[in-house]
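Since the structure comes first, as structure tokens, the remarks are kept for the end.
The values are calculated or read from the model by the stated rules, or taken from the named source; none is laboratory data. The structure presented is a predicted model; accordingly, all values stated were derived computationally and were not measured. As a convention, Cβ positions derive from the backbone with ideal geometry for all residues, glycine included, and neighbour counts pool all protein chains shown. The protein model used for the area step is the full one, side chains on, heavy atoms only, and it has no ligands, DNA or RNA in it. Shrake-Rupley method; radii C 1.70, N 1.55, O 1.52, S 1.80 Å.
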Amino acid sequence: MNQRRRPRRLRADGIRPLVAETDLSPQDFVAPVFVDATTDERRSIESMPGHERVPVADAVDRVEEVLATGVEAVILFGIPGSKDERGTRAWAEDGVVQRATRQVVAETDAYVVTDVCLCEYTDHGHCGVLGELTVDNDATLELLSRTAISHAEAGADMVAPSGMMDGMVGSIRGGLDEAGFEHVPVMSYAAKYESAFYGPFRDAADGAPAFGDRRHYQMDPANAREASREVGLDVQQGADVLMVKPALPYLDVVAQVRREFDHPVAAYNVSGEYAMLHAAAQKGWLDLDGVARESLLSIKRAGADLIVTYFAESVAEQL
Ligand code: PBG
């Protein structure tokens, strides 16, 4: 063998950290927090061990727990007290996310991102108002814009539209600007796939579609080139941060968006990615800390700057 080239020289303990190409920090993570207007006690989410739905009154405590691990950003999801055809509680001034945001912003130092979508708020569970066959794209835009403005009014630091409506970023950007929130950035769920990995989240946030699925608005898992077109449209419409979702099954897309765009790239390590590692660990088949850390490191290596992940707190504590 050619004895001059020995990659193992750089794998000794002292040098490994010096030549590491990627690392993880708690500041890379955004921790999802579920706030539930239908309960007055904290309820654990069975398919997402360690996660809970908390009442608005406990939102600050829940966020303080996140901050104590070194993670500085949260993304709030709401379960409203009631649902209707149009999802009107999504933009209510006294809505669950609006109330929680006001308190968290007033009482903590967290950077508060809010998820902007209608699926938790509509009685049919789709991400917009219904048209004849599927969600009516253009009729939904105005409602998303209203929702984003109501979040900004409550003090949200950043809004994150996740509904995969065409034109949603432009409509939200326009609405925010007109309402005087030109400083509030938009993190777009720019390439969001119609994925079976969202299962546990739909239990957690009670947002499963009552009929059909989301394949007429979320992306086809078969497509990667299309992701570049989707992301490009969001860039034109003023998106500040570009998200790919899910993360692990779509690392090719994360890497592609990293290469093709110069905006910050986010990846959402979704509920199913979290649940499957927990389930295997519960059986004793995988070491949870190890696979969690390796998953997040891989997502960064693929090119993500920030990661939305249910592992935020537990991995931050290991670092
Ligand atoms: C809402 C939304 C979903 C997720 C984030 N925002 C659900 C969906 O599109 O079905 C999924 C998050 C996860 O699985 O962790 N539109």
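Mind listing just one residue for me: the one in the stretch 212-259 that is within 21 Å of VAL135 (Cα to Cα) and within 12 Å of the ligand (Cβ to nearest atom) and, of those, most open to solvent (accessible area, probe 1.4 Å)? Among them, the one singled out is ARG215. Scoring LEU251 on the criteria (1) closer than 16 Å to SER25 by Cα; (2) under 16 Å from the mean Cα position of the chain (by Cα) leaves a single failure, condition (1).
Do we find a residue being touching a helix residue (DSSP H, G or I) at 6+ places or on another chain (Cβ under 7 Å), within 21 Å of GLY128 (Cβ to Cβ) and at pLDDT 95 or above anywhere in the stretch 67-78? Yes, the stretch 67-78 has at least one match. Of all residues in the stretch 93-107, those that are assigned to a loop (DSSP other than H, G, I, E, B) and crowded, with 18+ Cβ neighbours inside 10 Å total 1.
Among the residues of the stretch 36-63, those that are under 18 Å from VAL104 (Cα atoms) and assigned to a strand (DSSP E or B) comprise ASP36, GLU52, ARG53, VAL54. Name the single residue, out of those in the stretch 134-181 being assigned to a loop (DSSP other than H, G, I, E, B) and under 17 Å from the mean Cα position of the chain (by Cα), that is surrounded by the most Cβ atoms within 10 Å (Cβ to Cβ). Looking at the filtered set, the residue picked out is ALA156.
Taking the numbered list (1) on the phi < 0 side of the Ramachandran plot; (2) at pLDDT 95 or above in turn, GLY50 passes all entries but (1).
For the stretch 260-278, taking the residues that are open to solvent by less than 30 Å² (accessible area, probe 1.4 Å) and not in a helix (DSSP H, G or I), the one that is nearest to the ligand (Cβ to nearest atom) is identified as VAL270. Yes or no: the stretch 304-319 includes at least one residue that is at pLDDT below 95 and assigned to a loop (DSSP other than H, G, I, E, B). Yes - at least one qualifying residue is present in the stretch 304-319.
Which of the residues belonging to the stretch 201-254 are modelled with pLDDT under 95, in a helix (DSSP H, G or I) and out of contact with any Lys or Arg (no Cβ under 8 Å at 6 or more places or on another chain)? Those that are modelled with pLDDT under 95, in a helix (DSSP H, G or I) and out of contact with any Lys or Arg (no Cβ under 8 Å at 6 or more places or on another chain): PHE201, ARG202, ASP203. Applying the condition of being part of a loop (DSSP other than H, G, I, E, B) and among the polar types (S, T, N, Q) to the stretch 64-92 and asking which residue is surrounded by the fewest Cβ atoms within 10 Å (Cβ to Cβ) yields SER82. Among residues of the stretch 30-55 that are closer than 17 Å to ALA90 by Cβ, those with a Cβ under 7 angstrom from a residue that is open to solvent by 40 Å² or more (accessible area, probe 1.4 Å) and part of a loop (DSSP other than H, G, I, E, B), sequence gap 6+ or separate chain, pair up as ALA37/GLY81; THR38/GLY81.
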